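*Asks:* Right, I'll just put the structure down here and ask away after.
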Amino acid sequence: MNERVAAVVLHYNRPAGALAAVDSVRASLHDSLEVAVVDNGSSTAAVEELVSGLATRPEVRLVRLPGNRGYTGGMNAAFEHALGTQAPFIWLLADDVRVAPEAMGALVSALREHPHAGVAGALTYYADAPERIWYAGGLVSKQTIGRGRHRGMGERDRGQYVTAEVVDYANGSSLFARREVVAESYARLPHRR
């Protein structure tokens, strides 16, 4: 069974962050992966620093966009690159995200164990308070007139969110999905660039 993951880090003017994100992905215990960085029109200095850092990581591909497309446009470019890899799983990451070594394998397993699920979200912590949860699934409520909220936000992690559960949305800073879900969603975009 092919469990290859195309992990794509979206970068904009934070080369040290993007390189740290790449290194956290490369340290994954799930070894069937390919990694790319999509640069979203960063400054010349930021791109030079990124290119220099990636020179010591030759297996990581750099995709440079000619100009800044904004977050959504950058993520669409990341989707486009990931779809070109033919990997059955796609993981889009913001450049300020760090992933635990076991996270990728757990996300692959979650989607394998739940064949009707198309997207999986990772438990996410605050960088400056790693014992506190930033995101444990997204919820939308009629009481909040359709506004979303992050489940568990600010709570101390006591293991209360270790079981896979259905939520209303996954956070875009760490979006793990089946290839076919990304392909179908991407094909529906009216303007992809």
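Please treat every number below as a calculation from the coordinates, not as lab data. No experiment lies behind these values; they were computed from the predicted model shown. Here Cβ is always computed from backbone atoms with ideal geometry, including for glycine, and neighbour counts include all displayed protein chains.
*Asks:* Hey, how many Å between the Cα centroid of the range 16-30 and the Cα centroid of the range 130-155?
*Replies:* Result: 26 Å between the Cα centres.
*Asks:* Compute the semi-axes of the equivalent ellipsoid of the range 1-145, taking the square root of 5 times each eigenvalue of the Cα gyration tensor, and list them largest first in whole Å.
*Replies:* Semi-axes from the Cα gyration tensor: 25, 19, 16 Å.
*Asks:* Would you mind putting 158-167, 171-180 in packing order, based on average other-beta-carbon counts within 10 Å, highest first?
*Replies:* 171-180, 158-167
*Asks:* Another one. Could you give the length gained on full extension between residue 44 and residue 149, defined as 0.36 nm per residue of separation minus the Cα-Cα distance, in nm?
*Replies:* Here the segment from residue 44 to residue 149 would lengthen by 34.1 nm.
*Asks:* Report the extension gain between residue 140 and residue 86 in nm, rounded to one decimal, defined as 0.36 nm multiplied by the number of residues separating them, less their alpha carbon distance.
*Replies:* Going from the current span to full extension adds 16.2 nm.
*Asks:* Moving on. Express the Stokes-Einstein translational diffusion coefficient of the range 108-193 in µm² s⁻¹, to the nearest whole number, given a Kirkwood radius over alpha-carbon pairs, 4 °C and a viscosity of 1.567 mPa s.
*Replies:* Calculated translational D: 90 µm²/s.
*Asks:* Using a cut-off of under 16 Å, list every residue of the range 115-133 whose amide N is near the label point 7 Å from the Cα of residue 158 along the Cα-to-beta-carbon line.
*Replies:* 131-133
*Asks:* Label-point separation (nm) for residue 128 and residue 188, each offset 7 Å from Cα along Cα-to-Cβ?
*Replies:* 3.8 nm
*Asks:* Regarding the range 74-146, what are the three Cα extents along the principal axes, ordered largest first, in Å?
*Replies:* Principal-axis extents of the range 74-146 (Cα, largest first): 39, 32, 30 Å.
*Asks:* Let me ask you something else. Suppose only helical runs count, i.e. DSSP H with n ≥ 4. What mean residue ellipticity at 222 nm does that imply for the chain under -39500 (n - 2.57) per run, divided by all residues and rounded to the nearest 500 deg cm²/dmol?
*Replies:* -9000 deg cm²/dmol
*Asks:* Could you check what % of the DSSP bridge pairs in the chain are antiparallel, to the nearest 5?
*Replies:* 50 percent
*Asks:* Relative to the longest principal axis of the chain, what angle (0 to 90°, nearest 10) does the C-alpha long axis of helix 15-26 take?
*Replies:* Once rounded, the angle reads 60 degrees.
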